[in-house]
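Here's the structure, in structure tokens; my notes come after.
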Amino acid sequence: MKNRFHFKIGGLAGEGIMVTGAIFSKFAVRSGYNVMDFAEYPSLIRGGHNTFYGTISNEEVFSTYHQIDLLIALNQETVKFHKQELNSGAGIIYDPDEFSQEAIRGIRLFPIPLLRLAEQAGHKLMANTVALGAMVYLTAGKLEILNSVLKDIFADKKEEVIKGNFKAAKLGFDFSQDKFTPLGQLLKMRHSGVKMVIAGNEAIALGAIAAGLKFAAIYPMTPISSILTYLAAHEREAGIVLRQPEDEIAGINMAVGASFAGVRSLVATSGGGFALMSETLSLAGITETPVVVVFGQRAGPATGIPTWTAQEDLLYALTAAQGEYPRIILAPADAEECFHQTAEAFNLAEVYQTPVIVLVDKFVCEAHQSLKEFDLGKVRIDRGKIGKSRTVFPRYQLAIDGISPRAFPAKGVVVKANSDEHDEYGLSDESVKNRKAQVEKRMKKVATLVRKVPALNLYGPRKANLTIVGCGSTKGPILEAISGLSVQNPKLKVNFLHLNWLRPFPADVVSETLKRAEKILLIENNYQGQLGQWLRMQTGIEIKDRLLKYDGRQFYPEEITTKIKQII
């Protein structure tokens, strides 16, 4: 798609690839562009081939692409692994002192002695900064903007480190200016305004803080670990209590206990950790205790390939834990949705007194996107029905909408929660009459909830030749593919039904939308088409055209475009 510039940095783990990529993304945003970036790394303690790649545009950008316009190869393996991804006219930056590079037809070579120039600047570790200087020149950028980013990134370092990086960047810029002509102005300049560069995990943490989070218990596990580290960095200023428990069982038990005591609480985990949490999730269901669970999917089963992405746990999240009880499942697709849906998850958990699962995947968790600051005015806090304290509180009294008033245990106030079936005061009661009444009370929440499900996210024209259905991280690549096709063929009508509210499922409005479609395409990051199965269970509609991907990699707009062209 035109007005998109794609770069990739590759090399061994430990070579500063992530930091280098993040700096270039921030440079692009400060230069007036929008950006989307992502890092790939193997599940090794040390070593392995790492990459960082991004897409830059003067328009909104929703996804990274598979094709590359500029490859920064810190070793020869990077060229070997990624040369087939290079667009015609693309360039390769490499160090000729480290390896020789044969000419590739249609590709420009930029041999730059990265290590030698870095040593001139003060240390060979600054070779990546030399490469950054070269990247800025080759994309017709301004060195002073890069320097402003370097100053911020290394603000906690000694002055000599900052000055050394300034020098390294200038050496890379000047060397390239003497030897090469630029690849050209990145894009037609159009300043996009002041923006931040933020990942989904950071947005989840910020959304939780904005919603009044007071307690979190998180055991580190890819891909949600940076939620823990972000909250740890801001624990005091946010006024929260953060614990890294000994395991996920302890974590969710702590969170449920904190919620019972009256504070908003959060846990975050991946598939293996969620498996350990499922019994306590059921406990929260029967005790009607609010709790928010962030579930970051990765490619399984078991350990699988834990640092790669997938949507393989959707049906598991929808059905895990014993017994029947209401649960809410939201599936945000990007950092913007992560912030607002996480904030809303706390309201939903307390209003409906039930667990809320925020279902994401590694691509959503770790991809960075340029966005305007979140609108805090849209964040409201609703703690639901809070009853007047009594000496003995009827926590589970019957209610027409299924929602009983809550109270919090305190001096002179007794609130009982029971994992056995219980009467309105929380005392065990296995009688037929009570069991039926309490089950029906809890399940009435579903009907109440369905009426509150927000309007569907339908992108594109109401009537279309093709309707694409997806959830989570498929959103960005789908929107990019549709946008590119509309430029190529304005008469082509394709729309996208983005499902980010999965349970309760808005079956009636989804059915109505899909019945209008001439053709339907399901896109999912799993083998079985789990979203399609859930949709069929809820609506009776079976989607036969499918694009399923299960290699651990996210979708790229190019492969979605190819599939659309095959169908239409």
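The values are calculated or read from the model by the stated rules, or taken from the named source; none is laboratory data. For clarity, every value in this text was computed on a predicted model and none was experimentally measured. Glycine gets a Cβ as well: all are built from the backbone with ideal geometry, and neighbour counts include every protein chain shown.
Quick notes on this structure:
- Of everything in region 189-223 that is assigned to a loop (DSSP other than H, G, I, E, B) and within 25 Å of Glu60 (Cα to Cα), the residue that is modelled with the highest pLDDT is Lys195.
- Figure legend. Inter-residue proximity from region 464-484: first residues closer than 15 Å to Glu524 by Cα, second residues crowded, with 24+ Cβ neighbours inside 10 Å and of a type in the set (Phe, Trp, Tyr), beta-carbon distance below 6 Å, spacing 6+ or different chains. Indicated pairs: Ser473/Phe363; Thr474/Phe555; Pro477/Phe555.
- Residues located in region 335-367, provided they are more than 27 Å from Ser282 (Cα to Cα) and either among the aliphatic types (A, V, I, L, M) or surrounded by 24 or more Cβ atoms within 10 Å (Cβ to Cβ) (or both): Ala335, Phe363, Glu366, Ala367
- Check on Arg383, in contact with a Pro (Cβ under 8 Å, 6 or more places away or on another chain) and either charged (D, E, K, R) or surrounded by 22 or more Cβ atoms within 10 Å (Cβ to Cβ) (or both): no
- No other residue among Phe62, Phe81 is closer than 23 Å to Val19 by Cβ and of a type in the set (Phe, Trp, Tyr) apart from Phe81.
- Figure legend. Inter-residue proximity from region 365-386: first residues not assigned by TED's automatic domain parsing to the domain that holds Gln397, second residues of a type in the set (Val, Ile, Thr) and part of a strand (DSSP E or B), beta-carbon distance below 7 Å, spacing 6+ or different chains. Indicated pairs: His368/Val197; His368/Ile198; Gln369/Ile198; Ser370/Val35; Ser370/Val197; Leu371/Ile198.
- Figure legend. Inter-residue proximity from region 60-74: first residues under 13 Å from Glu559 (Cα atoms), second residues crowded, with 23+ Cβ neighbours inside 10 Å and among the β-branched types (Val, Ile, Thr), beta-carbon distance below 9 Å, spacing 6+ or different chains. Indicated pairs: Ser63/Thr55; Ser63/Ile478; Thr64/Thr55; Tyr65/Thr55.
- Selection from region 44-94 of residues that are among the aromatic types (Phe, Trp, Tyr), closer than 26 Å to Ile198 by Cβ and part of a strand (DSSP E or B): Phe52, Tyr53
- Flag for Ser226 being more than 30 Å from Ser270 (Cα to Cα) and assigned to a helix (DSSP H, G or I): no
- Looking only at residues in region 331-352 that are in contact with a Gly (Cβ under 7 Å, 6 or more places away or on another chain) and part of a loop (DSSP other than H, G, I, E, B), the one that is nearest to Ala317 (Cα to Cα) is Ala331.
- Residue within region 315-327 that is in a helix (DSSP H, G or I), of a type in the set (Ser, Thr, Tyr), surrounded by fewer than 22 Cβ atoms within 10 Å (Cβ to Cβ) and at pLDDT below 95 present: yes
- Against the numbered list (1) at pLDDT below 95; (2) over 30 Å from Ile400 (Cβ atoms); (3) buried (at least 21 other Cβ atoms within 10 Å of the Cβ), Gly470 comes up short only at (1).
- Unique match (being surrounded by fewer than 24 Cβ atoms within 10 Å (Cβ to Cβ) and either of a type in the set (A, V, I, L, M, F, W, C) or outside the structural domain of Leu479 (by TED's automatic domain parsing) (or both)) among Val61, Val79, Val35: Val79
- Residue under evaluation Asp156, criteria (1) of a type in the set (D, E, K, R); (2) assigned to a loop (DSSP other than H, G, I, E, B); (3) outside the structural domain of Gly91 (by TED's automatic domain parsing), criterion not met: (3)
- The residue that is farthest from the chain's Cα centre (by Cα), counting only those in region 16-43 that are part of a loop (DSSP other than H, G, I, E, B) and either modelled with pLDDT of 95 or more or hydroxyl-bearing (Ser, Thr, Tyr) (or both), is Ser31.
- Among the candidates Leu114, Leu70, Leu74, Leu146, residue that is in contact with a His (Cβ under 8 Å, 6 or more places away or on another chain), within 18 Å of Ile17 (Cα to Cα) and either surrounded by 17 or more Cβ atoms within 10 Å (Cβ to Cβ) or of a type in the set (Gly, Ala, Ser) (or both): Leu70
- Filtered residues of region 335-357 (kept if more than 16 Å from Ala216 (Cα to Cα) and in contact with a helix residue (DSSP H, G or I) (Cβ under 6 Å, 6 or more places away or on another chain)): Ala335, Cys338, Phe339, Tyr352
- Ile93 falls short of the stated requirement of being surrounded by fewer than 16 Cβ atoms within 10 Å (Cβ to Cβ), in contact with a helix residue (DSSP H, G or I) (Cβ under 7 Å, 6 or more places away or on another chain) and not acidic (Asp, Glu).
- Restricting Ser278, Ser270, Ser282 to those that are among the small types (Gly, Ala, Ser), at pLDDT 95 or above and closer than 30 Å to Leu479 by Cα reduces the list to Ser270.
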